[in-house]
Amino acid sequence: MKISVESHVHAPVAAAWRAYTTPEDILRWNAASEDRHTTASTVDLREGGEFSSRMEAKDGSFGFDFAGTYTKVVPNERLEFSFGDRAAVVEFAPAGEGVDVRVTFDAETENPVEMQRQGWQAILDNFARYVEGKG
């Protein structure tokens, strides 16, 4: 099953792309809630390149690594990647005075679909706020 989340970012597509693919930026926006943060991020932005982010609770009670391999990179347009036995696509589509960013990913089986959708949407909304705040 595939799940999609989307957010409109009031910024140029190049700014959104850069924030989505730069480790220093990822550290600032990659969290689903105020009590979590990303403590490490690496990006090798090329097909076959790997990425990883370490996400943790701010109180140190838990954390996990999110890592994968880029399978397609079209600058300012599209990222495709695999993570474990799942895959995702991130699309950047110019729209009005900004860009629509859509993430479509394979659902996992441990958590309810709506919980997964809400978590990924919260991260994407945080991303949009971060990019717009940089402008």
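The values are calculated or read from the model by the stated rules, or taken from the named source; none is laboratory data. Remember, it's a predicted structure, so these values are computed and weren't measured experimentally. Neighbour counts run over all protein chains shown; Cβ positions are idealised from the backbone, glycine included. The area values use the complete protein model at the heavy-atom level, side chains included, leaving out ligands, DNA and RNA. Shrake-Rupley method; radii C 1.70, N 1.55, O 1.52, S 1.80 Å.
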Enumerate the aspartates and glutamates that Lys58 could reach by cross-link, defined here as Cα to Cα under 19 Å, with residues fewer than 8 away along the same chain left out. Glu24, Asp25, Glu34, Asp35
If you count only protein heavy atoms and use a 1.4 Å probe, how large is the accessible surface of Asp35, to the nearest 10 Å²? 90 Å²
So for the chain, taking the charge dipole from beta-carbon charges (+1 Lys/Arg, -1 Asp/Glu), which of Thr22, Thr38, Ala122 sits furthest toward the positive end? Thr22
Cross-link candidates for Lys2: which lysines have Cα within less than 19 Å, leaving aside residues fewer than 8 places away along the same chain? Lys72
Roughly how big is the chain's charge dipole about its Cα centre, with Cβ charges of +1 (Lys, Arg) and -1 (Asp, Glu), in debye to the nearest 20? 220 debye
Go through the range 1-80 and name the chymotrypsin sites (Phe, Trp or Tyr not before Pro) that are in a DSSP coil and have 11 or fewer other Cβ atoms within 10 Å of their Cβ. Phe62
In nanometres, what is the gap between the two model label sites at Thr109 and Ala122, each 7 Å from Cα along Cα-to-Cβ? 2.5 nm
Taking just the alpha carbons, could you work out the radius of gyration and Dmax for the chain, both in angstroms? 14.1, 42
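Count charges around Gly68 for me, please; just the other residues with Cβ under 14 Å from its Cβ, Lys/Arg as +1, Asp/Glu as -1.
On the way: positive: Arg46, Arg54, Lys72, Arg86; negative: Asp44, Glu47, Glu50, Asp65, Glu80, Asp85, Asp106, Glu108.
My count for the surroundings of Gly68 gives -4.
From Cα pairs below 8 angstrom and at least 6 apart in sequence, can you work out the relative contact order of the chain, rounded to a whole percent?
32 percent
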Summing +1 for each Lys or Arg and -1 for each Asp or Glu, what net charge is found among the other residues whose Cβ lies under 12 Å from the Cβ of Asp59? -1
What is the sum of charges, Lys and Arg at +1 and Asp and Glu at -1, for the other residues whose Cβ falls under 10 Å from the Cβ of Asp106? 0
Output the peptides 115-122, 127-134 sorted from most to least packed, where packing is the average of other Cβ atoms within 10 Å over each peptide's residues. 127-134, 115-122
